[in-house]
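As structure tokens, the structure follows; a few thoughts come after it.
Every number in this text was worked out from the coordinates using simple rules, so none of it is lab data. Since we're looking at a predicted model, the values are computed, not measured. When we count neighbours, we look across all protein chains shown, and the Cβ atoms used for this are built from the backbone with ideal geometry, even at glycine.
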Amino acid sequence: MQESKLKTRLRFCLALTGLVFAFFYITGCTSGPLRDARKAFYSNRPLEAVDALAQINDLSYRDNLLLFMEKGLIFHHVGRYEDSIAELLKASKLMEQQEIISLSQQTASLVTNDWITAYKGEYSERLWVHTWLMMNFLLVSKYESALVEAKQALKLFEKYPQALAGDDFTRGLIALCYENTGYFNDAYIEYKKLAESLGDSSAIKPDLYRTAMKSGLAAEAGKYKKYASEDKSDPGSAELILFVGMGEAPKKISGNILIPPSVRFSFPQYEERLIRGTEVILMPENAYKSLSPRSSVSTSLDRVARNSLQYRGSQIIAKETARAAIKESLARAAERKNKNTGWVVLLRAVLLVMEEPDTRCWQTLPATLKLLRFPLNPGTHRLKAVIRREGGEYAEEIILPELKLSPGQRVYRSIRVTP
Amino acid sequence: MTRFLTKAARLFTLVSACCFVFAGCTASTRNISADQEMHYDEAYDFSDKKKIVDALVSPLLGESPLAETAERPVIAVYGIANETSEHINTGGITDAIREALFKAGKFRFVSETQRENIANETAYQYGGNVAPQMRVEKARQAGANYILSGTLRSIEKEEPKQIRLTKKSLRYYSLNLELTDIKSGLIAWADSVEIAREASKPIIGW
């Protein structure tokens with residue numbers, strides 16, 4: 001009898017140790033290698049971030065998507081666009097494979113937490129994989145491939161319209177991809193959707209006019225003719241399209257609701273923070289005359305990320321409730337079988353501590369994305385972007401590589417303003 | 001005895017489980033015939049490329065008015081535009097079509113992809129390093145009579161959201177190919193091939 005009791009206690013102790021070990025293993029170690037890269041990136045040491053990522057040979061399947069996303073963005077930042085494409089295409093492929101729900105991972109997550117499952121990315125993050133792929137393909141002049149990504153992004157817009165509403169930058173980029181490849185009617189449709197989303201669409205009316213005219217929609221074009229005539233740039237002029245990423249993406253933190261004695265509902269939420277406005281002024285390197293953009297579209301990734309997480313809220317609550325019920329049943333079953341209240345209290349404590357929300361997220365994203373279109377005369381240009389904080393405070397200057405433009409040429413550049 | 005049997009049964013179960021796990025994870029390879037039609041999902045693959053090329057080359061060789069001309073026409077093969085929502089290397093299709101037509105011996109081709117290299121090589125030969133009698137003659141290149149071009153398109157459709165264990169999706173591909181007479185600007189020949197496929201994917205996996 002005494003031996004049997006001892007055996008039960010031993011098993012219980014082993015199970016508890018296993019749970020504690022699993023908890024620390026899952027939440028603590030897996031994201032470790034990524035942490036150094038993110039830290040280096042935000043300390044304005046992007047090359048160190050690249051080195052840190054290169055050292056990661058094998059990461060848990062749970063964090064593979066995050067690794068591809070972070071690598072893709074850091075490579076983009078240092079101008080290694082082809083490498084960025086390779087990583088983000090891996091992310092895109094993985095997202096497709098992850099559409100199959102893993103029964104083993106989901107079952108395990110019901111008694112532990114969501115860290116045990118493979119990270120699938122928020123709807124917004126999945127869209128931004130295609131956004132960065134579009135930018136990369138445009139930057140390396142692969143316009144047909146950029147259009148393929150635009151179509152992938154459109155599929156996500158159609159699938160999750162509420163979660164992704166307000167991502168005007170990506171919508172503008174999709175329109176640009178269509179326009180670049182000569183599909184003016186599709187470009188016009190996307191510009192129209194963008195105009196609806198923006199509310200005040202005066203900034204893109206020249207784009208609406210141009211694409212309507214090229215699509216042969218004279219009556220539609222007539223609506224925007226007045227605004228288009230305000231565009232004073234020479235029709236034969238070249239164009240610089242500048243992608244600007246500003247600030248730091250919001251991070252997920254843990255939100256908690258405690259119900260005594262030991263039921264804990266935990267959920268991920270984005271941290272609240274104040275985002276300071278930033279202005280980007282483009283001017284010739286040796287002059288102080290700023291250039292005016294023909295059109296400007298921006299997206300607060302911070303806001304879209306929050307919307308996207310909120311849209312998934314009902315799913316999170318349902319799973320959280322199921323997990324709390326299962327954990328409570330486990331604790332009660334242990335109470336019935338085990339007379340030693342010390343062990344039961346310990347089990348309840350372990351289950352409570354294990355209830356950690358999945359706060360994984362793509363952390364190297366900017367807080368805001370801007371798409372600025374500058375008409376430029378054909379010829380050689382040496383330009384700089386002057387960054388000013390709210391209130392006109394000077395922040396930094398970014399010198400763009402020399403541009404050699406022929407008439408009608410459209411070139412792309414991407415810059416990142418870190419906080 | 002009973003205890004021994006129980007222990008043996010447990011050991012057997014453990015060993016069997018290990019066998020399943022390790023056997024399942026073993027990597028294996030095998031050669032397959034390139035002519036064999038194989039599809040893992042509804043997406044474009046090498047079997048489709050072969051089908052597309054075969055379906056378009058035969059009518060071009062047999063039915064097009066150009067096939068019967070006494071002098072073999074010169075063709076410049078331009079790329080096939082990818083209008084699908086997948087990253088498909090359409091260069092593989094154009095290369096295969098060019099190769100099949102070339103082997104038939106009824107057409108001649110100019111290499112539009114090598115034009116820059118030809119210009120560089122010619123410039124090098126006239127740069128002073130190559131003996132005059134060895135230099136290629138300038139302005140002796142063949143001019144194309146026709147342009148061969150095409151477009152690959154796709155339409156995708158997925159089953160709407162509902163409670164089920166598998167998700168079906170439909171994919172339709174069409175590739176149209178046309179020959180344009182450079183002199184007149186008229187389309188001398190056009191044809192297309194279509195592929196439609198339904199695939200079913202599980203929603204839940206292990």
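Scanning the range B:52-92 for residues that are within 30 Å of residue B:168 (Cβ to Cβ), surrounded by fewer than 16 Cβ atoms within 10 Å (Cβ to Cβ) and in contact (Cβ under 8 Å) with a residue 60 or more places away in the chain gives a single hit, B:86. Residue B:151 satisfies every condition listed in (1) of a type outside the set (Asp, Glu); (2) under 16 Å from the mean Cα position of the chain (by Cα); (3) more than 13 Å from chain A (Cβ to nearest Cβ) except (3). Restricted to helices (runs of 4 or more DSSP H) entirely inside the range A:145-240, those with at least 3 residues that are among the charged types (D, E, K, R) are A:168-180, A:184-198, A:205-214, A:218-228.
Considering only residues in the range A:206-226 that are without any contact (Cβ under 8 Å) to a residue 24 or more places away in the chain and among the small types (Gly, Ala, Ser), the one that is nearest to residue A:374 (Cα to Cα) turns out to be A:221.
What residue, among those in the range A:389-413 that are of a type in the set (Gly, Ala, Ser) and exposed (fewer than 12 other Cβ atoms within 10 Å of the Cβ), is farthest from the chain's Cα centre (by Cα)? Here the residue is A:406. Report yes if some residue within the range B:128-136 is surrounded by fewer than 18 Cβ atoms within 10 Å (Cβ to Cβ) and in contact with an Asp or Glu (Cβ under 9 Å, 6 or more places away or on another chain); otherwise report no. The answer is yes; a qualifying residue exists.
Residue-wise test of (1) more than 10 Å from chain B (Cβ to nearest Cβ); (2) of a type in the set (Asp, Glu); (3) in contact (Cβ under 8 Å) with a residue 12 or more places away in the chain; (4) closer than 30 Å to residue A:349 by Cβ.
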| site | (1), (2), (3), (4) |
| --- | --- |
| A:84 | yes, no, yes, no |
| A:88 | yes, no, yes, no |
| A:92 | no, no, yes, no |
| A:103 | no, no, no, yes |
| A:121 | yes, no, yes, no |
| A:133 | no, no, yes, no |
| A:149 | no, yes, yes, no |
| A:165 | yes, no, yes, no |
| A:174 | yes, no, yes, no |
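Of the listed requirements (1) within 13 Å of chain A (Cβ to nearest Cβ); (2) out of contact with any strand residue (DSSP E or B) (no Cβ under 7 Å at 6 or more places or on another chain); (3) in contact (Cβ under 8 Å) with a residue 24 or more places away in the chain, residue B:202 misses just one: (2). Of the residues A:350, A:345, the single one that is free of Cβ contacts under 8 Å to residues at least 40 places away in the same chain, surrounded by 13 or more Cβ atoms within 10 Å (Cβ to Cβ) and not charged (D, E, K, R) is A:345. Residue B:169 meets the conditions (1) part of a strand (DSSP E or B); (2) polar (S, T, N, Q); (3) away from chain A (no Cβ under 14 Å); (4) farther than 28 Å from residue B:65 by Cβ in every case but one. The failed one is (3). Checking A:297, A:280, A:244 one by one, the residue that is touching a Gly at 6+ places or on another chain (Cβ under 6 Å) and either without any contact (Cβ under 8 Å) to a residue 24 or more places away in the chain or over 30 Å from residue A:353 (Cβ atoms) (or both) is A:297 and no other.
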